[in-house]
Amino acid sequence: MEKKRVAIVGAGVSGLAACKHLLERGCTPAVFEADTLLGGVWARAPDCTSLQSERPMYQYSDFPWPDSVTEVFPSRRQVADYLKAYARHFGVLDCVRFGHRVLGMEYVGVGEGEVAAWEEWAGCGDAFGDGVGEWRLTVADADDHVETHVADFVVICIGRFSGVPNIPTFPPGKGPEAFDGQVIHTMDYSKMGTKKASEMLKGKRVTVIGYLKSALDVAAECAELNGTQHPCTMVVRTKHWIIPGYYAWGFPISNLCLNRFSEFLIHKPGEGFLLSLLATILTPLRWLFSKFAESYYSIPMRKHAMVPDHSLFEALATCLIAITPKDHYKRLDEGSIVIKKSKTFSFCKEGVLVEGASSPIKSDVVIFGTGFRGDQKIKDMFVSEYFQSIAVGPASSTVPLYRLFHYISFLYIASLQL
Ligand SMILES: Cc1cc2nc3c(=O)[nH]c(=O)nc-3n(C[C@H](O)[C@H](O)[C@H](O)COP(=O)(O)OP(=O)(O)OC[C@H]3O[C@@H](n4cnc5c(N)ncnc54)[C@H](O)[C@@H]3O)c2cc1C
């Protein structure tokens, strides 16, 4: 096979695996990594963050976790170390160009109309076939020196849960500009590192917006620091299934919902007649499973009126669940974390105004735990509007994680036959 020039964008879990497999195929990919650290989200998550997947399910099939890691949910440092060990072991580290951000990429040599008519990438159904065009990547280094890198294929591994924060919009005068205190996103919090983050929170009135993984982790760190003296307030728009683990009434729910079989239980974009029929026929099973697990997980939630309105299965299928941080409900009971449910909120001079409250939640620091714009991030990679338009699925997509990237996977990842 003629060696092709391959570029990989991102040195997180996905980029490292892509690089390892390409090395095995005889390629020498260039891995562009904007950060100075390896590991993507695991390089800089808050210290209290740990995996939400059980360890055996979050493992490269060709590189087991070391025996020293025995935790069911390893910490973010353990995950980062594991990824570093993987990269070293397979020679991936040598391919990574740290501090190199890809600003955009363009396919040149073939018109967009022709590309649009191709059934598979490269026009011949083979990713390593004779594509006549080439990708031009504009890459900036840490000193903002910009250069062009040329590749036959590009594997985009930029992740969904980092980079572009999802910040709510506000009417004029009701947003962060109206507030006298500090406003940041959990992304900035993660980048600060433990020491600076603790200094920022210590003794402060902190309000966290959101109720999923990052928001819960930041609230837990805040409650740990400030206790009941300065409770951390969480403003919650949507109640979520936050669960202690993957056992409900002693039954491992991962056997039904986190394996390949569970793929058949949900409707997917572009599915054929048979898969659609199967997902419809299996609807009662989905319902039964959900009710069974919900009856267990909702027990501690009921006390705080935090049982979600949507089903647990739906939450699992869309990856909108979180593993409960240690002592979360204890903290709610003792009052070091206080929940305010509100569909909307706005800022004022003293803090945050929520629905039905006559006075604001007085705050010194407000932290948005409102997630990321993974869709925007991938669109921004392309100069061409056509590529931007096919890069992400519809916003209504049931499965926002990887199936949202259905087309992009088709073009760049599946076609590499990794
Ligand atoms: C707090 C948290 C907990 C999570 N827990 C779990 C879990 O338990 N189980 C699970 O399955 N998933 C979990 N996830 C999802 C997690 O994102 C994935 O598991 C996985 O780490 C994604 O890896 P990735 O390589 O696709 O992306 P990322 O880890 O996001 O890595 C992307 C890399 O691309 C780089 N990059 C981005 N844009 C550019 C650019 N333009 N140029 C150059 N480099 C660029 C970034 O710097 C980053 O290093 C969690 C996510 C978070 C944030």
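A few points about this structure:
- Along its three principal directions, the equivalent ellipsoid of the stretch 24-95 from the Cα gyration tensor extends over semi-axes of 23, 16, 9 Å, largest first.
- Proxy reagent accessibility, fewest Cβ within 10 Å first, across T370, T36, T233, T28: T36, T28, T370, T233
- Residue order, fewest to most surrounding Cβ atoms within 10 angstrom, among M192, M200: M192, M200
- Among F387, F251, the order by Cβ neighbours within 10 angstrom, fewest to most, reads F251, F387.
- Loop-located GluC sites (Glu not before Pro) across the stretch 242-329 with a Cβ neighbour count of 10 or fewer within 10 Å are lacking, with loop assigned by DSSP.
- Phi angles across the stretch 316-333 convert, under the Karplus curve 6.51 cos²θ - 1.76 cosθ + 1.60 with θ = phi - 60°, into 3J(HN,Hα) values of 5, 5, 9, 6, 9, 10, 9, 7, 4, x, 3, 6, 4, 6, 4, 5, 5, 5 Hz, Gly and Pro given as x.
- Projected-area average for the chain over all orientations - Cα convex hull basis, square nanometres: 22.6
- Within a straight-line Cα-Cα reach of under 14 Å, K4 can be paired with the following aspartates and glutamates, leaving aside sequence neighbours fewer than 8 residues apart in one chain: E24, D126, D130, E134, D152.
- Rg and Dmax over the alpha-carbon atoms of the stretch 162-276 stand at 19.6, 59 Å.
- Kirkwood radius and radius of gyration were both taken over the C-alpha atoms of the stretch 176-368, and their ratio Rg/Rh is 1.05.
- Built amide H within the under 5 Å cut-off of Y247, gap 5+: I253
- Whole-Hz couplings from phi, Karplus 6.51/-1.76/1.60, listed for the stretch 334-347; x for Gly and Pro: 7, x, 7, 10, 10, 9, 10, 8, 7, 6, 9, 7, 8, 9
- The share of C-alpha pairs in the stretch 232-345 whose separation exceeds 24 Å stands at 34 percent.
- The stretch 144-153 - phi-based ³J(HN,Hα) in whole Hz, Karplus 6.51/-1.76/1.60, Gly and Pro as x: 6, 7, 9, 9, 9, 10, 10, 9, 7, 9
- Close amide-amide hydrogen proximity is noted between I8 and A30, V31, F32, V155, each under 5 Å apart and 5 or more residues distant or on a separate chain (H modeled in the peptide plane; Pro and chain starts excluded).
- Cut-off under 5 Å, modelled amide H: who pairs with F347 long-range: G175, L353
- Filter on K268/K377; K268/K303; K191/K341; K20/K268; K195/K343; K84/K291 - keep pairs with C-alpha separation over 31 Å: K268/K303; K195/K343; K84/K291
- Span-like helix check, the chain: qualifying full DSSP H segments, with Cα axial length of 18 Å or more and mean Kyte-Doolittle of 0.0 or more, are 213-226.
- Qualifying aspartates and glutamates (Cα of each under 20 Å from Cα of K202; at least 8 residues distant if same chain): D47, D180, D188, D217, E221, E224, D327, E334, E350, D364
- Antiparallel beta bridges, as assigned by DSSP with both residues in the chain, represent about 45 percent of the total such bridges.
Quick note: the coordinates plus some simple rules give every number you see, no bench work behind them. Note that the structure is predicted; figures quoted are calculated from it, not measured. Ideal geometry is used to build each Cβ from the backbone, glycine not excepted, and the neighbour counts take in all protein chains shown.
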